[in-house]
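Notes for the one structure printed next.
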Amino acid sequence: MNKILKLALVLFLICAIVAGILGVVDLVTRDRIKEYQTNKTNRARAAVLEVKVPEGEEQYVDIDLKALNIPTTVTANGQDVEILSAAQAADASGYVVETKFSGAQGSIVMIVGVSNDFTCTGISITQHSETPGLGAVAAGDTQKGRDFRASFEGVDGSVQLKDIDAMSGATITSKGVTAATAAAIQFVEAMVAAK
Amino acid sequence: MNFKRQLKEGVITNNPILVQQLGMCATMAITTSLFNGLGMGLSVLIILTCCNVAVSAVRKFIPDEIRLAIFVVIIAGFVTIVDLLLQAFIPALSESLGVFIPLIVVNCIIIGRAEAFCQKNPIGPSFVDGITQGLGYTVVLVIMCVIRELLGSGRFGGGLIDLAKGITLDGTGEGIQIFNSDFGASILTLPVGGFLTLGFLFAAMQAALKKAAKKKEAAAKNTEKEDEAA
């Protein structure tokens, strides 16, 4: 009995020390990581929908999803897409919708720009854990990735996999991105109709 | 602690990938561009060295029954530290390697060296072992990246080198296009290509080791004959 207690104590001590060190590292890096993520979201929003407002003013006005009373999970092309946030461009040129959906290796968070006539103005992936060289190309800065994202511009809420330039070897990712784009547009349609 | 001998072992005769055949999963998945390969190799080198030193430092206090659990806790701790630091200071690498950084926790090289070497050796040799094994790992990753990128898409130094910007530490370098990517065997850029390239590297290493062993045998026989003649 004593031996087991001693083993448990040693294991507990080592875990506590490691956890303590991790806590310190987290304190040091937390703000930088958050700042990077926020900048990334803002840059992603600007990449999908350009907003012309005077320098220094709010570019996007966040919409309170709970006050809207419409479902924040949209099923498009047979896939469930969660709407994380939505904002309207300050110059009323359209909307930016943050979506979360299943990729090939976990969840993908993507921002979709939707114009006032319910077509896609652009997409930008902000978080993912897809395979480098395959699904990750959708988020990357290679020509292949840019071509893939560009093929979504101008599509409407009924977009299917066959309408866009899917990535070979990354069908699940391509399907997910397509479903999320359709879902974002359908959500904006529902949102505008509900107002 | 013989640095030269450990270096030769780590990079050639006991290479973690080509001889010990550990940590192959990440090797095949990551080596699609030089930026990824170098970044991953250096991350593993740092984590391996830190873990080696930590395990060696506490080896006299760890009860034998729970040593594997403690190894895993230490390794997971260091991997998380490196993951957080990369996310904060080199976010491009963190995004590029993605899920493969947390996967270093289960990279067999690290727990293999902890079990096979560090729990029986003092801190100094363990530190050197981490560096040399990490170097061996990085060298193989770089070789695989160069082969796969060059033969697969005609490119060298993807993500790291840019003709206009020099060396890009943020992963945006386009690489040097040696020949048109249409003439590349693009199967090499897919995971299948990783398997194939690694297989050929295994064969090359085995051939080289056999040759070296034969040479040693022949040299030993010669000295035997000389001794008899003398």
At B:I178 and A:T73, where each label point lies 7 Å from the Cα along Cα→Cβ, what is the point-to-point distance in nanometres?
5.1
Restricting to DSSP loop positions (anything but H, G, I, E, B) with no more than 15 other Cβ atoms inside 10 Å of their own Cβ, which GluC sites (Glu not before Pro) remain in the range A:26-115?
A:E50, A:E55, A:E57, A:E58
Amide hydrogen neighbours beyond the local backbone of A:A86, cut-off 5 Å, H modeled
A:I63, A:E98
For the range B:68-113, Rg(Cα) over 2.2 N^0.38 Å is 1.18
Rounded to the nearest whole number, the Stokes-Einstein translational diffusion coefficient of the range A:95-195 at 20 °C and 1.002 mPa s (Kirkwood radius, C-alpha pairs) in µm²/s is 161
The farthest towards the positive end of the charge dipole of the protein assembly as shown, of the residues B:Q20, A:L13, B:M144, given +1 on Cβ of Lys and Arg and -1 on Cβ of Asp and Glu, is B:Q20
Kindly state, as a whole number, the per residue volume in cubic angstrom of the convex hull around the alpha carbon atoms of the range A:126-176.
83
Any chance you could run the full-extension gain for A:Y36 through A:K144? It's 0.36 nm times the residue separation minus the Cα-Cα distance, nm to one decimal.
36.4 nm
Need one value: the accessible area of A:E130 in square angstrom, 1.4 angstrom probe, rounded to the nearest 10.
10
Segment A:A90-A:M1, length gained on full extension (0.36 nm per residue, minus Cα span):
25.2 nm
Estimated D of the range B:141-230 in µm² per second, where Rh is the Kirkwood radius over Cα pairs and Stokes-Einstein applies at 10 °C, 1.306 mPa s
99
Any DSSP H helix in chain A with Cα axial reach of 24 Å or more and mean Kyte-Doolittle score of at least 0.0? Listed by number, the hits are A:2-48, A:171-194
Binned at 10 Å from 0, what are the whole-percent values of the Cα-Cα distance distribution for chain B, short to long?
8, 28, 30, 20, 9, 4, 1
Which number comes out as Rg/Rh for the protein assembly as shown once both Rg and the Kirkwood Rh are worked out on C-alpha atoms?
1.07
Based on the Kirkwood radius over alpha-carbon pairs, what is the Stokes-Einstein translational diffusion coefficient of chain A at 4 °C with 1.567 mPa s viscosity, in µm²/s?
70
Please find the FRET efficiency linking B:A164 to A:E189, where r is the Cβ-Cβ separation and R0 is fixed at 51 Å, and quote it to the nearest 0.05.
0.70
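The values are calculated or read from the model by the stated rules, or taken from the named source; none is laboratory data. Worth saying up front: this structure is predicted, and the values here are computed from it rather than measured. Please note: Cβ atoms are built from the backbone with ideal geometry, for glycine as well, and neighbour counts cover all protein chains shown. Quick note on the areas: whole protein, heavy atoms, side chains included, nothing else; ligands and nucleic acids left out. Shrake-Rupley method; radii C 1.70, N 1.55, O 1.52, S 1.80 Å.
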